[in-house]
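Engineer: Submitted below is the structure of interest, expressed as structure tokens.
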Amino acid sequence: MTTVLFYILGFIMLTATLLCITRRNPVHAVIYLVAGFFALALMFYLLGAPLAAAWQIIVYAGAIMVLFLFIIMMLGLAPQETPEGPGWRRWGPLVLLSASLMVCTVLLIMQDPAAGKEIGDFYLAPQAVGESLFGRYVLAVEMVSFQLLFATIGAYLLGRPLSKGEGQ
Amino acid sequence: MRNFWRDIKGTLQPFWITLGYLFKKPVTIQYPEEKRTPPPRYRARLVLTRDPNGGERCVACQLCSAACPVDCISMQAAEDEDGRRYAAWFRINFSRCIFCGLCTEACPTLAIQTTADYEICNREVLNLVYEKQDLLIESGGKDTEYNFYKHSGIGVAQVRGEGEEEHGPVDPKSLMP
Amino acid sequence: MNEMLISLALILVKLGLIFGVVLTMAAYLVLAERKILGRMQLRYGPNRIGPGGMIEPMCDVIKLITKEDFIPDRADKWVFLFAPGLTALTALLSFAVVPFAPPLTLFGREIPMVVCDLNIGLLYIFGLSSLAVYGVVLGGWASNSKYSLLGAMRGLAQLLSYELALGLALVPVVMSAKSFSLTEIVMAQSTWPNILQHPLAFIIFMISVTAESKRTPFDMPEAENEIVAGFHTEYSGMRLGLFFVGEYSNLIVIGAMTTVFFLGGWHGPFLPPVVWFIMKVLFVAFIFIWMRGSMPRPRYDQLMHFGWKVLIPLALLNVVVSGAIRIALN
């Protein structure tokens with residue numbers, strides 16, 4: 001069961017990503033990419049890492065892709081003319097992918113009603129992730145967070161309003 | 001810091017006020033069941049009044065029709081044998097009337113007057129076109145004593161165009177070049 | 001296999017029950033909101049149809065269904081069509097992890113009073129609320145109207161910014177429950193509710209959750225006197241209705257979240273747990289309606305300023321302080 005689901009999810013993910021990079025309309029591409037992220041999150045869940053699945057949804061689908069959309073909307077990149085061809089050709093793939101994602105989710109829930117038990121051979125509890133992040137890998141985590149801090153400061157420096165006599 | 005507490009107060013005070021209003025009795029008048037008594041000079045449905053003797057006050061002078069900003073009043077003037085003018089027909093289209101009351105101000109004979117009857121809505125627009133018999137009431141309205149013809153006297157009984165240097169009445173339809 | 005079928009049947013029954021209750025509650029919350037707002041403004045609110053206007057929600061639904069489903073010219077048709085559904089779906093799916101009573105023992109088997117007790121329940125709700133942005137953004141973008149686009153961009157920036165403060169406000173709650181599971185968070189509050197333990201977190205949570213739900217003090221995405229109706233300007237009929245189903249189910253989700261995270265869930269004296277839970281949810285919903293009747297809308301830059309420069313530092317400080325207290329007490 002797990003193996004079958006794995007391959008189905010993998011197929012969905014690859015198709016969605018492929019469709020994402022071939023779309024003309026950036027907003028449509030973002031929608032396909034989000035569908036792909038969903039498949040990825042489900043796959044994480046299937047592999048026994050619910051925390052990674054949740055981060056996948058919250059951070060990638062919920063925050064980063066939304067920022068992409070923000071930029072696309074702000075720059076007005078989306079073409080205004082409606083593409084030719086019937087609707088099902090453009091959206092049929094997405095409908096199929098979402099439907100199969102739905103089925104996979106239902107199968108996962110059916111297999112695991114209490115959702116606390118193991119699905120595969122391996123299960124990573126959120127507590128274990130926290131302990132290893134702030135115990136064994138604390139140095140790496142801190143280094144990465146400092147990197148992010150530097151990046152934030154750099155972005156501020158680049159984006160701050162110019163004072164007089166500067167930038168001429 | 002003073003501003004901080006002021007802001008906190010300004011944020012919380014509205015909650016207290018709205019909570020107080022929640023338990024007050026609403027001021028709404030629930031229309032079909034409860035009805036407000038309009039003030040006596042309320043401007044709603046127009047009527048044509050009669051003088052103390054029971055005769056029509058309207059002399060078909062067209063002043064109300066001219067004053068009307070939406071042109072909802074129309075009439076045809078006619079004359080009695082004794083020279084007393086009256087409206088052969090008088091029509092107010094209440095679907096156009098804006099109840100401004102300018103016609104009543106223009107009326108030299110106090111014939112057209114406003115009443116407080118505001119419930120004249122109708123689903124059929126043509127039912128809102130009131131003819132003379134719909135407009136005439138058996139009352140003097142706001143001033144029951146006033147009688148225009150008592151002040152002015154009734155006009156000349158002589159037929160129009162019979163005077164020495166008088167032209168006959170102009171037929172506007174024959175003026176076409 | 002048999003065991004699995006029984007669990008599946010139980011899940012479906014609970015799902016149906018919750019959907020029924022939530023949708024009915026959402027419909028009547030619309031009525032309650034209109035009536036309460038009316039009374040706050042010394043009006044009666046809707047009271048024409050049925051005793052006290054009780055049939056009004058049904059009439060609204062009939063009206064919305066029979067209205068024309070209008071799609072603007074040059075709109076991105078498919079995105080336009082599915083965006084409202086996305087909003088309603090994300091709000092409704094959140095109920096899957098909300099525990100509304102302690103586990104019940106029926107016929108010798110323990111039935112948890114929650115559709116699916118995920119051990120990352122909090123993150124699940126959080127993920128769904130971050131996905132709710134897509135309904136707003138895609139709906140606004142696909143309408144091909146400047147007001148919709150402005151509303152969508154405002155909604156996007158607002159939801160994204162306040163999600164951070166929302167998440168940080170919940171960190172102390174997770175710390176004291178030592179779990180992401182909503183059931184365990186409620187269990188941890190059996191002695192006293194979290195609102196007494198973490199009052200600052202509660203205030204930050206309430207403010208940011210108001211912004212998340214796009215309700216009146218923070219309703220910039222649909223500010224009707226600036227940008228017509230924001231992201232749902234071009235919607236009509238039942239698709240507009242779906243946005244409202246989403247909004248009012250979201251109100252119940254917020255009520256349930258506040259109840260679970262801060263007000264002690266189903267715990268309470270004398271009355272049965274489910275009654276306590278529903279009462280608390282309705283109380284929170286009343287507070288949100290009350291807030292709508294009392295507060296003006298800030299300017300958009302004030303909202304961003306408040307979110308990033310006040311709420312997030314405050315929430316971070318709160319996390320550090322409550323963590324330090326926790327360590328000091330142990």
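Engineer: Of (1) over 24 Å from residue C:75 (Cβ atoms); (2) buried (at least 23 other Cβ atoms within 10 Å of the Cβ), residue C:142 satisfies all except one. Which?
Structural biologist: Just one mismatch for residue C:142, condition (1).
Engineer: Taking residue C:36 as meeting all but one of (1) surrounded by fewer than 16 Cβ atoms within 10 Å (Cβ to Cβ); (2) at pLDDT 85 or above; (3) within 14 Å of chain B (Cβ to nearest Cβ); (4) part of a helix (DSSP H, G or I), write down the number of the exception.
Structural biologist: The one condition residue C:36 does not meet is (1).
Engineer: Further question on the same structure: Report yes if residue C:83 is away from every other protein chain (no Cβ under 14 Å), among the aliphatic types (A, V, I, L, M) and either under 23 Å from the mean Cα position of the chain (by Cα) or not in a helix (DSSP H, G or I) (or both), otherwise no.
Structural biologist: For residue C:83, the condition - away from every other protein chain (no Cβ under 14 Å), among the aliphatic types (A, V, I, L, M) and either under 23 Å from the mean Cα position of the chain (by Cα) or not in a helix (DSSP H, G or I) (or both) - is not met.
Engineer: Identify the single condition in (1) without any contact (Cβ under 8 Å) to a residue 60 or more places away in the chain; (2) touching a Ser or Thr at 6+ places or on another chain (Cβ under 6 Å); (3) within 14 Å of chain A (Cβ to nearest Cβ) that residue C:5 does not satisfy, given that it satisfies every other one.
Structural biologist: Every listed condition holds for residue C:5 apart from (2).
Residues checked against (1) touching a Pro at 6+ places or on another chain (Cβ under 8 Å); (2) farther than 21 Å from residue B:138 by Cα; (3) touching a residue at least 40 places away in the same chain (Cβ under 8 Å):
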| residue | (1), (2), (3) |
| --- | --- |
| B:5 | no, yes, no |
| B:9 | no, yes, no |
| B:20 | no, yes, no |
| B:23 | no, yes, no |
| B:44 | yes, no, yes |
| B:58 | no, no, yes |
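Engineer: Right, next: Considering each of B:50, B:43, B:57 in turn, give the residue that is of a type in the set (D, E, K, R), surrounded by 13 or more Cβ atoms within 10 Å (Cβ to Cβ) and within 18 Å of residue B:121 (Cβ to Cβ). Give the steps one after another, and end with the answer.
Structural biologist: On the way: B:50 fails: within 18 Å of residue B:121 (Cβ to Cβ); B:57 fails: within 18 Å of residue B:121 (Cβ to Cβ).
Matching residue, one of B:50, B:43, B:57: B:43.
Engineer: Being touching a residue at least 60 places away in the same chain (Cβ under 8 Å), in a helix (DSSP H, G or I), within 15 Å of residue A:62 (Cα to Cα) and under 17 Å from the mean Cα position of the chain (by Cα), is that true of even one residue in the range C:168-179? First the steps, then the outcome.
Structural biologist: Within the range C:168-179, the first condition is being touching a residue at least 60 places away in the same chain (Cβ under 8 Å), and the residues that meet it are C:168-173, C:175-176, C:179.
Among the residues that remain, those that are also in a helix (DSSP H, G or I) are: C:168-173, C:175-176.
Add one more test, that the residue is within 15 Å of residue A:62 (Cα to Cα), and what stays is none.
Within the range C:168-179, none of the residues are touching a residue at least 60 places away in the same chain (Cβ under 8 Å), in a helix (DSSP H, G or I), within 15 Å of residue A:62 (Cα to Cα) and under 17 Å from the mean Cα position of the chain (by Cα).
Engineer: Residue by residue through the range A:1-51, note down the ones that are crowded, with 17+ Cβ neighbours inside 10 Å, small (Gly, Ala, Ser) and at negative phi.
Structural biologist: Correct list: A:16, A:29, A:35, A:36, A:39, A:41, A:49.
Engineer: Would you check which residues across the range C:122-148 are touching a Phe, Trp or Tyr at 6+ places or on another chain (Cβ under 7 Å) and closer than 13 Å to residue C:89 by Cα and list them? Quick ask: steps written out before the conclusion?
Structural biologist: We begin by selecting, within the range C:122-148, every residue touching a Phe, Trp or Tyr at 6+ places or on another chain (Cβ under 7 Å); these are C:122-123, C:136, C:139-140, C:142-143, C:148.
Hit for the range C:122-148 is C:136, nothing else.
Engineer: Look through A:96, A:101, A:107 and report the one residue that is at pLDDT 60 or above and within 12 Å of chain C (Cβ to nearest Cβ). Even if it seems obvious, please write down each step before you answer.
Structural biologist: Numbers: A:96 fails: within 12 Å of chain C (Cβ to nearest Cβ); A:101 fails: within 12 Å of chain C (Cβ to nearest Cβ).
It is A:107.
Engineer: Continuing with the same structure: Checking residue C:164 against (1) over 30 Å from residue C:277 (Cα atoms); (2) within 12 Å of chain A (Cβ to nearest Cβ), which test does it fail?
Structural biologist: (1)
Engineer: Taking the options C:297, C:239, name whichever one is in a helix (DSSP H, G or I), touching a residue at least 12 places away in the same chain (Cβ under 8 Å) and not β-branched (Val, Ile, Thr). Full working, then the answer.
Structural biologist: Working: C:297 fails: in a helix (DSSP H, G or I).
Checking each option against the conditions leaves just C:239.
Engineer: Give me the residue from the range C:180-212 that is assigned to a helix (DSSP H, G or I) and of a type in the set (S, T, N, Q) and, out of that set, surrounded by the fewest Cβ atoms within 10 Å (Cβ to Cβ).
Structural biologist: Let us first name the residues in the range C:180-212 that are assigned to a helix (DSSP H, G or I), namely C:182-187, C:194-197, C:199-212.
If we keep only those that are of a type in the set (S, T, N, Q) too, we end up with C:183, C:194, C:197, C:208, C:210.
Working: C:183: 23, C:194: 26, C:197: 18, C:208: 25, C:210: 21.
Among residues in the range C:180-212 that are assigned to a helix (DSSP H, G or I) and of a type in the set (S, T, N, Q), the one surrounded by the fewest Cβ atoms within 10 Å (Cβ to Cβ) is C:197.
Engineer: Now for a separate question. Before we move on, is residue C:15 surrounded by fewer than 18 Cβ atoms within 10 Å (Cβ to Cβ), within 14 Å of chain A (Cβ to nearest Cβ) and touching a helix residue (DSSP H, G or I) at 6+ places or on another chain (Cβ under 9 Å)? First the steps, then the outcome.
Structural biologist: Details: surrounded by fewer than 18 Cβ atoms within 10 Å (Cβ to Cβ): yes; within 14 Å of chain A (Cβ to nearest Cβ): yes; touching a helix residue (DSSP H, G or I) at 6+ places or on another chain (Cβ under 9 Å): yes.
Answer is yes for this residue.
Engineer: Please find, among C:299, C:215, the residue that is within 24 Å of residue C:143 (Cα to Cα), away from chain B (no Cβ under 14 Å), surrounded by fewer than 22 Cβ atoms within 10 Å (Cβ to Cβ) and among the basic types (Lys, Arg).
Structural biologist: Values: C:299 fails: within 24 Å of residue C:143 (Cα to Cα).
So the residue among C:299, C:215 that is within 24 Å of residue C:143 (Cα to Cα), away from chain B (no Cβ under 14 Å), surrounded by fewer than 22 Cβ atoms within 10 Å (Cβ to Cβ) and among the basic types (Lys, Arg) is C:215.
Engineer: Here's something else I'd like to know. Restricting to the range B:1-59, and then to whatever is of a type in the set (Ser, Thr, Tyr) and within 11 Å of another protein chain (Cβ to nearest Cβ), can you tell me which residue is farthest from the chain's Cα centre (by Cα)? Before you say what the answer is, go through the steps one by one.
Structural biologist: The initial filter retains those residues of the range B:1-59 that are of a type in the set (Ser, Thr, Tyr), namely B:11, B:18, B:21, B:28, B:31, B:37, B:42, B:49.
Pick out the ones that are also within 11 Å of another protein chain (Cβ to nearest Cβ) and you get B:11, B:18, B:21, B:28, B:31.
Values: B:11: 50, B:18: 42, B:21: 40, B:28: 28, B:31: 23 Å.
Looking at residues that are of a type in the set (Ser, Thr, Tyr) and within 11 Å of another protein chain (Cβ to nearest Cβ), I get B:11.
The values are calculated or read from the model by the stated rules, or taken from the named source; none is laboratory data. Keep in mind that this is a model prediction, so the values were computed, not measured. Glycine gets a Cβ as well: all are built from the backbone with ideal geometry, and neighbour counts include every protein chain shown.
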